């Protein structure tokens, strides 16, 4: 057994020595190859003198005259006279606009006043068209009587069964003072009513009117009254 151990140990030493030798040879070989390549590249550079071995930095090749620079235009500084002129122009423009607005307002005012005057003239009634007011004495009558009442008014309206015409009361008037077919308002005390003047009477002259009522008793109760008669619409 000891013989075998010695043999194995001897062989290990041989293998280790062989490995060490190969490592040394490999290093020598690599050093030789590296030296050869370095010599060759140096020789190539020496054989080509016109070629720059090292590139110059890019900023050394720049030429400032190859660039075009845009010159910035400085803003125009206004002189004091220019500022004064602009202020005067602005002031004059404002004044002109104010005058225009004032003239426009005056025109509107004049046109409005003229329109008002036209309207007043148009709506203003002529003296003959203005409401007439009379102070009169009023009495009452019935549709049939001994003094000529026949149930028909002077204008031919039948009042035998009614005391109204177009929803208004009926009165007898003096046509020379109040034209027939006129619409009037009769007022006395706190009472008033509207009536159409569509009848006449023998005793109805001047400032007298006769009011048509439904019975003799009502006529007697009515008696004689001082009334105010306003002509609302003059008849034709």
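The values are calculated or read from the model by the stated rules, or taken from the named source; none is laboratory data. It should be emphasised that the depicted structure is a prediction, and the values quoted were computed from it without experimental measurement. Glycine also receives a Cβ, built like all others from the backbone with ideal geometry; neighbour counts cover every protein chain displayed.
When the stretch 205-219 is filtered for residues that are under 17 Å from residue 163 (Cβ atoms) and either within 60 Å of the chain's Cα centre (by Cα) or without any contact (Cβ under 8 Å) to a residue 60 or more places away in the chain (or both), only 217 remains.
For residue 121, the conditions (1) in a helix (DSSP H, G or I); (2) surrounded by fewer than 10 Cβ atoms within 10 Å (Cβ to Cβ); (3) at pLDDT 80 or above all hold with the exception of (3).
When residues of the stretch 186-236 are filtered for being on the phi > 0 side of the Ramachandran plot and in contact with a strand residue (DSSP E or B) (Cβ under 8 Å, 6 or more places away or on another chain), how many remain? Count: 1.
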